[in-house]
Each structure stands twice: as structure tokens, then as C-alpha cells.
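The values are calculated or read from the model by the stated rules, or taken from the named source; none is laboratory data. Here the structure is a predicted model, which means the values were calculated and not measured. Note: ideal-geometry Cβ built from the backbone for every residue, glycine included; neighbour counts use all protein chains shown.
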Amino acid sequence: MDFKGSAYDETDEIVFSGTFNVFGTGLTLKLYDLTFKFIFEASEPLNDQKDIVITSETDKVGLITFSNKIRNALGSGSNEKLQVVNLNDGRILLFTVFAQSFGEKLNVTITFYARQQ
């Protein structure tokens, strides 16, 4: 079902929100001619590993890696909106994530926001 309107979280526009069942370690989303690859690590994190690492493969492909800590039966997620890229129209693209594991399956909700600079 397509939503034909606008949604806002305070002053940020919600430009995409979706919930996915991830049975492996990866999820790829395309938004604004950009590709975002989400990696949900299955192995235990290293001692100095950050919980979330945001990098880029190219100027059109973002890579967002989560440590194994996201795989929690009680649920785990970001506690703030995380900046991922500057858009060509002067807005900033941010995201939040919430995940909950059910056996081998990871139920993931990702929301993208656009903020005027």
C-alpha cells in the first residue's frame, strides 16, 4: 500500500519506514538513488568493535554494520537518529533502527528521516 502524504517526527520528515525479516546477515535498501547495505554481524564482537559503524563503499553506496549486540531477544536499537549522508537538495539523511531476534531470524525496523540544514 502506498502512502500519498507526508509524515514528520517533530521537524524531520519521515521519508521511509519499513520492517523486515532478515534470515541472514544482510539487508539492502534503495532510497534517493542511493543504496544502503545493512550488515548484522552474527559472530561475537571484538573487544574494541563499535556497535554501529557507518562507512561508504562508493559515493552512491553506504555500508552500515551492526555488531552482534543487535541480535537480542528483548530488542536492541539506536538511541538517536544517526546521520548517514548529505542529500543533493541540502537536506541531511538520518536513520534509526530497532531489531529483535527470534531464533535465527532478525526482525528489523529501519526509519529514514530528512532534515533541513
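A few points about this structure:
- Residue pairs whose Cβ atoms lie under 6 Å apart, separated by 6 or more positions or on different chains, with the first residue in region 25-41 and under 25 Å from residue 103 (Cα atoms) and among the aliphatic types (A, V, I, L, M) and the second at pLDDT 90 or above and assigned to a strand (DSSP E or B), are 27/20; 27/38; 29/36; 39/26.
- The conditions of being over 21 Å from residue 115 (Cα atoms) and not small (Gly, Ala, Ser) are met by residue 49.
- Of the residues making up region 34-54, just one is of a type outside the set (A, V, I, L, M), over 15 Å from the mean Cα position of the chain (by Cα) and closer than 16 Å to residue 22 by Cα, namely 43.
- Tallying residues that are over 18 Å from residue 68 (Cα atoms), among the hydroxyl-bearing types (Ser, Thr, Tyr) and under 15 Å from the mean Cα position of the chain (by Cα) within region 3-27 yields 2.
- Sole exception among (1) crowded, with 18+ Cβ neighbours inside 10 Å; (2) at pLDDT 85 or above for residue 70, by number: (2)
- Number of the condition not met by residue 22 [criteria: (1) surrounded by 12 or more Cβ atoms within 10 Å (Cβ to Cβ); (2) of a type in the set (A, V, I, L, M); (3) out of contact with any Lys or Arg (no Cβ under 9 Å at 6 or more places or on another chain)]: (3)
Yes or no, residue by residue, for (1) more than 28 Å from residue 8 (Cβ to Cβ); (2) in contact with a Gly (Cβ under 9 Å, 6 or more places away or on another chain):
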| position | (1), (2) |
| --- | --- |
| 39 | yes, yes |
| 69 | yes, no |
| 72 | yes, no |
| 76 | no, no |
| 79 | no, no |
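- Checking each residue of region 8-17 against the condition of being in contact with a strand residue (DSSP E or B) (Cβ under 8 Å, 6 or more places away or on another chain), assigned to a loop (DSSP other than H, G, I, E, B) and either closer than 18 Å to residue 117 by Cα or free of Cβ contacts under 8 Å to residues at least 60 places away in the same chain (or both) gives at least one match.
- Taking first residues from region 87-98 that are touching a residue at least 12 places away in the same chain (Cβ under 8 Å) and partners that are crowded, with 18+ Cβ neighbours inside 10 Å and part of a loop (DSSP other than H, G, I, E, B), the Cβ contacts under 6 Å between residues at least 6 apart in sequence or on separate chains come to 96/78; 97/78.
- Subset of region 73-96 (residues that are part of a loop (DSSP other than H, G, I, E, B), among the aliphatic types (A, V, I, L, M) and surrounded by 13 or more Cβ atoms within 10 Å (Cβ to Cβ)): 87
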